[in-house]
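Below is one structure, written out as structure tokens; comments come after it.
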Amino acid sequence: RMREVDLGCGKALLIKESGEFHAVGHKCPHYGAPLVKGVLSKGRVRCPWHGACFNIATGDIEDFPGLDSLPRFQVKIEKEKVYIRASKQALQTQRRTKMMAKCISLSNYNLSSTNVLIVGAGAAGLVCAETLRQEGFSDRIVMCTMDRHLPYDRPKLSKSMDSHPEQIALRPKEFFCTYDIEVLTEMQVAALDIKNKVAVFKDGFKMEYNKLLIATGNMPKTLSCKGKEVENVFNIRTPEDANRVVKLATSKNVVIVGASFLGMEVAAYLAERAHSVSLVELEEVPFKKFFGERVGRAVMKMFESNRVKFYMQTEVSELREQEGKLKEVVLKSGKVLRADVCVVGVGAVPATGFLKQSGINIDSKGFIVVNKMMQTNIPGVFAAGDAVTFPLALRNNKKVNVPHWQMAHMHGRVAALNMLAHGVEISTVPYLWTAMFGKSIRYVGHGEGFDDVVIQGDLDELKFVAFYTKSDEVVAVASMNYDPIVSKVAEVLAAGRTIRKRDVE
């Protein structure tokens, strides 16, 4: 059992499992979800919102998203009473940053050599650096990023588009100084010399490394139609892009191309701010491949009731301008849409072009191929995040690409542990979410190739759980307003158990 208990200046989560008592922080450090509503199973509690897991004995984070662990409090049992001892500060912050080493030998390095080089500063890169320090690694770590900011919460760019970089920073600037994690911003690696262990940057700078993590993520696809270089057409890549779109869209006409997660989240965010929001998509229903037709239609209805207009089964043939700025979007169907700003969300490709001649194994789609330890075919070179395909334990080690936030965290952690020769294999269950109009869809598993969907609850009321099955096996589950079902399923799948279609029915 779990109980939230008030200790005067803050709350704790009191847990009783197998006759033992534990007390930890009561809020998930990621977005503050009440853990009492989560799932308790075999020594850990799983967040009801986004699936992060914490060890109930230590408070340590064991699955992601998020960077911090829970504070752990002392529990004493005396004469049928449970006493919890907690510091005021821990009760108020409700989070604990794990102990980390610092770099002890910075002075031994010249500028152009490092022990660990991390290319990319998203979740995978940052978790890799932090994990190395948590494990006592005290050598030089350098991260480099094309971005001008320190690592930030990228999923927020399409969900709360007017966030400033400082508001969505994953760690404050001081953190990187304290733990000697160097971040080179606006630095792009142009090529790798694998034989000599050297990264060559776009500006000609070269850096030697001992171990390497490639976590460069995705690059958004662009439109290839006439007029694609017109002003006010955006891919959302940075906080500046998102902020600029909000500014330009306020009380104006917006066209979004692509009913992807990004496209739909942007449409939801702009619906009450813009004069009009139109969404253009090749498929007949949004999210059809991912959530199936019935869930896709229910989501579409929710958008339509919030004044978003859909133009389905068509694509853009031309972007028209007036005085250099976007004026109209012309569809293949012949329809002409007024548009002051256009956001393109038609998918992404892995940012791995610079690896072409490197000797690192890349598949036909451009993804870096890694094993369960996140190792590439080159010793000492690891890869993580959106740019990789890896063996997914859940689907009999089929090589998959899972371009989601939680998975990037876990990749970064597994890569770091294996840089230190811990021999850890990835076995996490994919968990993702999207938020639109104040409602969240949560999703667990890997539904690719599902052949049936079993739905319980009410799609019209947007209170449902959908089980995606392949032959007789449940391969993924999505829910809306049905917590903590997705976290429960995640625990069942994480335990290596199979859910059959008949169990669900």
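The values are calculated or read from the model by the stated rules, or taken from the named source; none is laboratory data. Since the model is a prediction, treat every value here as computed from it, not as a measurement. Positions of Cβ are backbone-derived with ideal geometry, glycine not excepted, and every protein chain shown enters the neighbour counts. These accessible areas exclude ligands, DNA and RNA; they are computed on the full protein's heavy atoms, side chains included. Shrake-Rupley method; radii C 1.70, N 1.55, O 1.52, S 1.80 Å.
A few notes on this one:
- The chain - percent relative contact order, Cα under 8 Å, separation 6 or more: 12 percent
- Ordered by solvent-accessible area of protein heavy atoms (1.4 Å probe), largest first, the residues S427, S260 come out as S427, S260.
- For region 439-479, GluC sites (Glu not before Pro) meeting the loop criterion (DSSP other than H, G, I, E, B) and having at most 15 other Cβ atoms within 10 Å: E461.
- The 1.4 Å probe gives accessible areas that order D203, D386, D153, largest first, as D203, D386, D153.
- Gyration tensor (alpha-carbon) shape descriptor, region 47-88, a/c threshold 1.5: prolate
- For region 146-179, the list of chymotrypsin sites (Phe, Trp or Tyr not before Pro) that fall in a loop by DSSP and count at most 13 other C-beta atoms within 10 angstrom is empty.
- Share, in percent, of DSSP beta bridges within region 279-419 that are antiparallel, nearest 5: 75 percent
- D (Stokes-Einstein, µm²/s), Kirkwood Cα radius, region 128-187, 1.002 mPa s at 20 °C: 170 µm²/s
- Dipole of the chain, positive direction: furthest Cα of I56, V116, T434, with charges on the beta-carbon: I56
- Length available on full extension from S317 to S333: 0.36 nm per residue minus the Cα-Cα distance, which gives 4.9 nm.
- GluC sites (Glu not before Pro) lying in DSSP loop within region 28-119, provided at most 16 other Cβ fall within 10 Å: E80
- 19 Å Cα-Cα threshold exceeded, pairs from K211/K398; K289/K470; K247/K301: K211/K398; K247/K301
- Most to least packed among 484-493, 45-54 [average Cβ atoms within 10 Å]: 45-54, 484-493
- Rounded FRET efficiency, nearest 0.05, which uses the C-beta distance separating E182 from E20 and R0 of 30 Å: 0.10
- Protection proxy ranking of 212-220, 69-77, 369-377, 396-404 - average other beta-carbon atoms within 10 Å, highest first: 212-220, 369-377, 69-77, 396-404
- Accessible surface of region 233-346, 1.4 Å probe, proportion on carbon and sulfur as whole %: 46 percent
- Segment V504..D452, full-extension length gain: 17.5 nm, with 0.36 nm per residue of separation and the alpha-carbon distance subtracted.
- For the chain, DSSP calls about 70 percent of its internal beta bridges antiparallel.
- Efficiency of FRET from Cβ geometry, E304 and K76, R₀ 41 Å, rounded to 0.05: 0.10
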